[in-house]
Amino acid sequence: MMNSTSDNEKSLPEKLSDDIVSYILNNHLKPNDKLPNESILAEKMGAGRSSIREAMKLLASRNIVTIRQGSGTYVASSPGVINDPLGFTFIENKQKLAEDLLAVRFLLEPSIAGMAAANASEQDIEKISELCKEVEELLLSGKNHTEKDIEFHTAIAMSSKNLVVPRLIPVINSSIPLFIQLTNSNLIQETIETHVDITEAIRNHDVIGAKDAMYLHLVYNRKRIFH
């Protein structure tokens, strides 16, 4: 038997959390959409408000919903994708972690950039271009560019139109702050130039060019990490 927990063994909050997931899917709720409040859900599900609250806590721990104090409960921005699914926080040797993450990025990201070049829509390309400019502005003004850098790589991954690639984003995202920390943002010019090259290749739907530009971007990172 594959599932060790039968429906009979599930607690009420667990069953309700399954019902709430079904509600999200059946009502086609999208990331960041607001869910009905506790009393409405309690009425819909025929359960007490405290049980609904417990179910929501379970869903929040699985990153399916986000509970915002005083505002309500929302579908998470990346439902089911936990911030640190691979437990990188608990790896003490950050230098070795950065090196090994980079090795995995070499396996994934040039191909992802190639897929983005093949499949990106005009809207995707505009978003990637916008983020490319924002990262450049932050770098040149000496401000923290970590978040925007993550958004840039995320936008490329989303443009691949591959269903699995967005689920791999946490591997890429968790390495970016680490690389910036280890290289002390010494890669200003190289980062700007390679980001522009990646963006232009995707804009031109140049699959080989996008792969090469992403590969070069990672080579610059590798030089600094092993420096």
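The values are calculated or read from the model by the stated rules, or taken from the named source; none is laboratory data. Bear in mind the structure is a predicted one, so any value in this text is a computation, not a measurement. A quick note on method: Cβ atoms are made from the backbone with ideal geometry, for glycine too, and the neighbour counts reach across all protein chains shown. For the accessible areas, the whole protein counts, side chains as well, though only heavy atoms, and no ligand, DNA or RNA atoms are used. Shrake-Rupley method; radii C 1.70, N 1.55, O 1.52, S 1.80 Å.
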*Any chance segment 162-170 includes a residue that's in contact with a Pro (Cβ under 8 Å, 6 or more places away or on another chain) and over 22 Å from ALA201 (Cβ atoms)?*
yes
*Do we find a residue being touching a residue at least 24 places away in the same chain (Cβ under 8 Å), assigned to a loop (DSSP other than H, G, I, E, B), open to solvent by less than 60 Å² (accessible area, probe 1.4 Å) and not assigned by the TED database to the domain that holds ASP149 anywhere in segment 37-48?*
yes
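Suppose we keep only residues that are among the aliphatic types (A, V, I, L, M) and part of a loop (DSSP other than H, G, I, E, B) within segment 1-36. Which one would you say is modelled with the highest pLDDT? Can you show your working first?
Keep residues of segment 1-36 that are among the aliphatic types (A, V, I, L, M), which gives 1-2, 12, 16, 20-21, 24-25, 29, 35.
If we keep only those that are part of a loop (DSSP other than H, G, I, E, B) too, we end up with 1-2, 29, 35.
Working: MET1: 40, MET2: 44, LEU29: 92, LEU35: 96.
Per the criteria, the residue is LEU35.
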*Does GLU137 satisfy being open to solvent by 80 Å² or more (accessible area, probe 1.4 Å) and within 27 Å of LYS211 (Cβ to Cβ)?*
yes
*Within the set of pairs 6 or more residues apart or between chains, which connect a residue that is in the same structural domain as ILE125 (by the TED database) and closer than 9 Å to ALA113 by Cβ inside segment 200-216 to a residue that is open to solvent by less than 70 Å² (accessible area, probe 1.4 Å) and among the acidic types (Asp, Glu) with Cβ atoms less than 6 Å apart?*
MET214/GLU109
*In segment 83-107, what residues are among the aromatic types (Phe, Trp, Tyr) and either loosely packed, with under 11 Cβ neighbours inside 10 Å or at pLDDT 90 or above (or both)?*
PHE90, PHE106
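Does segment 54-74 include one or more residues that are touching a Lys or Arg at 6+ places or on another chain (Cβ under 6 Å), in a helix (DSSP H, G or I) and either open to solvent by 40 Å² or more (accessible area, probe 1.4 Å) or closer than 27 Å to VAL219 by Cβ (or both)?
no
When the residues of segment 120-134 are filtered to those that are among the small types (Gly, Ala, Ser) and either more than 23 Å from PRO170 (Cα to Cα) or not in a helix (DSSP H, G or I) (or both), which remaining residue is least open to solvent (accessible area, probe 1.4 Å)? Reasoning before the result, please.
Let us first name the residues in segment 120-134 that are among the small types (Gly, Ala, Ser), namely 120-121, 129.
Remaining after also requiring either more than 23 Å from PRO170 (Cα to Cα) or not in a helix (DSSP H, G or I) (or both): 120-121.
Working: ALA120: 9, SER121: 47 Å².
Here the residue is ALA120.
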